[in-house]
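Below is one structure, written out as structure tokens; comments come after it.
The values are calculated or read from the model by the stated rules, or taken from the named source; none is laboratory data. This one's a predicted model, so the numbers in the text were calculated from it and none came from an experiment. Neighbour counts are summed over all protein chains in view; Cβ atoms, including those assigned to glycine, are modelled from backbone coordinates with ideal geometry. Heads up: the accessible areas ignore ligands, DNA and RNA and are worked out on the full protein's heavy atoms, side chains in. Shrake-Rupley method; radii C 1.70, N 1.55, O 1.52, S 1.80 Å.
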Amino acid sequence: MRKTPFVTKEQVAEIVKKYPTPFHIYDEKGIRQNAEAVKKAFSWNEGFCEYFAVKANPNPYLIRILNEYGFGTDCSSMTELMISKALDLPGEKIMFSSNETPAAEYTYAKEIGAIINLDDITHIEFCEEACGGQLPKTMSCRYNPGGVFQMSNGIMDNPGDAKYGMTKPQLKEAFTIMHQKGVEEFGIHAFLASNTVTNEYYPKLARELFELAVEVARDTGVHIGFINLSGGVGIPYRPDQEPNDIQVIGDGVHKAFDEVLVPAGMGDIKIFAEMGRFMMGPYGALVTTAIHEKHTYKEYIGVDACAVNLMRPAMYGAYHHVTVLGKEEVEPTETYDVVGSLCENNDKFAIDRKLPKIEMGDYLVIHDTGAHGYSMGYSYNGKLKSAELLLKEDGSVQLIRRKEEPKDYFATLDVTEFASKLGL
Ligand SMILES: *Cc1c(COP(=O)(O)O)cnc(C)c1O
């Protein structure tokens, strides 16, 4: 499918007068339409809740849009929990799915009433102590079946190699211990494959977890209140990929629910999700300007963004589609490496990419940066983070995070010794 940016050259030319490139921009309309579709696809399950994975995009203005659809947050650190608190979310709308968790984070999670999802059986006592000697009434455990996760089109991922979750015998033992310690309602969580661009993943995972829930309830006698399908629902980064259909995914989970849980008398189970990428990925773009061209052994286009703004290509060789604004209809006659300014040779947004001829000053849209884009950024080479903008439904643009200034970079040093010399 052809990938079309949600902003035009004319819009960007207007925006840069106030907010120069590079910046991430988000599409409110797309976020809302998708959130509506997610809600509808799981409306058959009365207790359904999507806990948006904050790590994918921690901008509270964007999370607040999702909250309007009844969605909560999935957190993995102190500051992510604090974002949820700052958004006035009630505890039951905050999931805390962390691993290798410091005690203070469990303490804070309990204080704000978040649902704690334990990564390992050995964390029970640690968590209990951090929670002032009493575990919360509702808790969850993360399951890892080991081996590989297989679907009809082959191996999707390798849970046996992942540091997360506990084995089935450990999960049962953990539930029994936690039950004895006063936990009343239990959840089962698993995240077995990442960025799955197939409608099969959630239904297959759900069936596996539903069967596990029936077995665990039978063997331990605890009440399973929810099953958390976590993240992993993917997006088509490449134009030749078929997007997931969330309605088909929801229907597939519904079918497994009716076939496994309902006959077992467990039809009251709530379905939870912790999607990050699917909720936000396609509705963000990194807009950057071509500022240099270089002709050596290859043709390079240097842009004013770099891996600090979007790390996925450098980190995993991830594909992000690139559109040259205003040249959507122009033949891609050139082969470019589109590169940033870091002193690291992996700072390449695209390698050997077929694109129309690029002139200096052209705006490039790097697609699908709404999830794991800005949030993964770092500050290598003293590069500062960009602004984040929201393209609202009425076409206006709101600054939802200003760009970093040098004074932010110096803020964690001794101000009088260094920053003051620079007049910051
Ligand atoms: C990363 C993560 C998610 C979100 O994953 P996506 O692939 O972005 O949907 C959800 N839950 C947990 C525990 C995670 O670590």
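Listed here are the residues, each with its yes/no results for (1) closer than 25 Å to L391 by Cα; (2) at pLDDT below 95.
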position	(1), (2)
I31	yes, no
E46	no, no
S77	no, no
S98	no, yes
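Quick one: would you say S84 is in contact (Cβ under 8 Å) with a residue 40 or more places away in the chain, on the phi < 0 side of the Ramachandran plot and within 16 Å of the ligand (Cβ to nearest atom)?
So S84 does not fit the description; no.
Any residue at all in segment 230-244 that's more than 15 Å from the ligand (Cβ to nearest atom) and among the aliphatic types (A, V, I, L, M)?
no
Checking the structure you have, find out if any residue of segment 190-201 is closer than 15 Å to L118 by Cβ and open to solvent by less than 60 Å² (accessible area, probe 1.4 Å).
For segment 190-201, residues closer than 15 Å to L118 by Cβ and open to solvent by less than 60 Å² (accessible area, probe 1.4 Å): present.
If a residue has to be in a strand (DSSP E or B), more than 16 Å from the ligand (Cβ to nearest atom) and either surrounded by 24 or more Cβ atoms within 10 Å (Cβ to Cβ) or among the basic types (K, R) (or both) to count, how many in segment 216-229 make the cut?
The initial filter retains those residues of segment 216-229 that are in a strand (DSSP E or B), namely 223-228.
Those left that are additionally more than 16 Å from the ligand (Cβ to nearest atom): 223-225.
Checking which are either surrounded by 24 or more Cβ atoms within 10 Å (Cβ to Cβ) or among the basic types (K, R) (or both) leaves us with 224.
Selection size over segment 216-229: 1.
If you check K168 against the conditions, is it open to solvent by less than 50 Å² (accessible area, probe 1.4 Å) and either in contact (Cβ under 8 Å) with a residue 40 or more places away in the chain or within 15 Å of the ligand (Cβ to nearest atom) (or both)?
Details: open to solvent by less than 50 Å² (accessible area, probe 1.4 Å): no; either in contact (Cβ under 8 Å) with a residue 40 or more places away in the chain or within 15 Å of the ligand (Cβ to nearest atom) (or both): yes.
Criteria not met by K168.
Listed residues D268, D258, D245; which is surrounded by fewer than 18 Cβ atoms within 10 Å (Cβ to Cβ), within 27 Å of the chain's Cα centre (by Cα), modelled with pLDDT of 95 or more and over 22 Å from C75 (Cα atoms)?
Details: D268 fails: within 27 Å of the chain's Cα centre (by Cα); D258 fails: within 27 Å of the chain's Cα centre (by Cα).
Among D268, D258, D245, only D245 is surrounded by fewer than 18 Cβ atoms within 10 Å (Cβ to Cβ), within 27 Å of the chain's Cα centre (by Cα), modelled with pLDDT of 95 or more and over 22 Å from C75 (Cα atoms).
Go over the candidates M376, M360 one by one and state the one that is within 16 Å of the ligand (Cβ to nearest atom) and touching a residue at least 12 places away in the same chain (Cβ under 8 Å). Please lay out each step first, then the result.
Values: M360 fails: within 16 Å of the ligand (Cβ to nearest atom).
None of the other options fit; the residue is M376.
Is there any pair with a first residue in segment 252-272 that is closer than 15 Å to G47 by Cα and a second that is of a type in the set (A, V, I, L, M) and modelled with pLDDT under 95 whose Cβ atoms are under 9 Å apart and which are 6 or more apart or on different chains, and what are they?
Partner pairs satisfying both residue conditions: none exist.
Just name the residue that is surrounded by the most Cβ atoms within 10 Å (Cβ to Cβ) out of those in segment 14-32 that are in a helix (DSSP H, G or I) and in contact with a Phe, Trp or Tyr (Cβ under 9 Å, 6 or more places away or on another chain). Spell out how you get there, then give the answer.
Step one: of segment 14-32, the residues in a helix (DSSP H, G or I) are 14-15, 28-32.
So of that shortlist, the ones also in contact with a Phe, Trp or Tyr (Cβ under 9 Å, 6 or more places away or on another chain) come out as 15, 28-32.
Values: I15: 19, E28: 19, K29: 14, G30: 17, I31: 23, R32: 16.
Out of the qualifying residues, it is I31.
Would you tally the residues in segment 36-61 being within 14 Å of the ligand (Cβ to nearest atom) and either part of a helix (DSSP H, G or I) or under 22 Å from M139 (Cα atoms) (or both)?
Step one: of segment 36-61, the residues within 14 Å of the ligand (Cβ to nearest atom) are 38, 49-58.
If we keep only those that are either part of a helix (DSSP H, G or I) or under 22 Å from M139 (Cα atoms) (or both) as well, we get 38, 49-56.
Within segment 36-61, residues that are within 14 Å of the ligand (Cβ to nearest atom) and either part of a helix (DSSP H, G or I) or under 22 Å from M139 (Cα atoms) (or both) number 9.
Looking at segment 219-234, I want the residues that are closer than 26 Å to Y201 by Cα and have a partner that is more than 14 Å from the ligand (Cβ to nearest atom) and among the hydroxyl-bearing types (S, T, Y) with Cβ atoms under 9 Å, at least 6 apart or on another chain. Which pairs are those?
If the second residue must be more than 14 Å from the ligand (Cβ to nearest atom) and among the hydroxyl-bearing types (S, T, Y), the pairs left are G225/T138; F226/T138.
Among residues belonging to segment 384-420 that are over 20 Å from P58 (Cα atoms) and among the charged types (D, E, K, R), point out the one that is least open to solvent (accessible area, probe 1.4 Å).
Filtering segment 384-420 for residues that are over 20 Å from P58 (Cα atoms) and among the charged types (D, E, K, R), the one least open to solvent (accessible area, probe 1.4 Å) comes out as D414.
Scan M280, M311 and give me the residue that is within 16 Å of the ligand (Cβ to nearest atom), at pLDDT 95 or above, open to solvent by 20 Å² or more (accessible area, probe 1.4 Å) and touching a Phe, Trp or Tyr at 6+ places or on another chain (Cβ under 9 Å).
Details: M280 fails: open to solvent by 20 Å² or more (accessible area, probe 1.4 Å).
When all the criteria are applied, what remains is M311.
When you go through (1) within 24 Å of K383 (Cβ to Cβ); (2) modelled with pLDDT of 95 or more one by one for Y316, which number turns out not to apply?
(2)
Return the residues of segment 62-75 that are among the acidic types (D, E) and part of a loop (DSSP other than H, G, I, E, B); say none if nothing qualifies.
E68
Do any residues in segment 324-335 that are open to solvent by 50 Å² or more (accessible area, probe 1.4 Å) have Cβ atoms under 6 Å from those of residues that are of a type in the set (D, E, K, R) and assigned to a loop (DSSP other than H, G, I, E, B), where the two are at least six apart or on different chains, and which pairs are they?
Hits for this filter: E334/K357.
Quick one: would you say G187 is away from the ligand (no atom under 16 Å from the Cβ) and open to solvent by less than 10 Å² (accessible area, probe 1.4 Å)? Full working, then the answer.
Working: away from the ligand (no atom under 16 Å from the Cβ): no; open to solvent by less than 10 Å² (accessible area, probe 1.4 Å): yes.
In short, no.
Could you tell me which of the residues A285, A213 is open to solvent by less than 20 Å² (accessible area, probe 1.4 Å), aliphatic (A, V, I, L, M) and out of contact with any helix residue (DSSP H, G or I) (no Cβ under 9 Å at 6 or more places or on another chain)? Give the steps one after another, and end with the answer.
Details: A213 fails: out of contact with any helix residue (DSSP H, G or I) (no Cβ under 9 Å at 6 or more places or on another chain).
The conditions single out A285.
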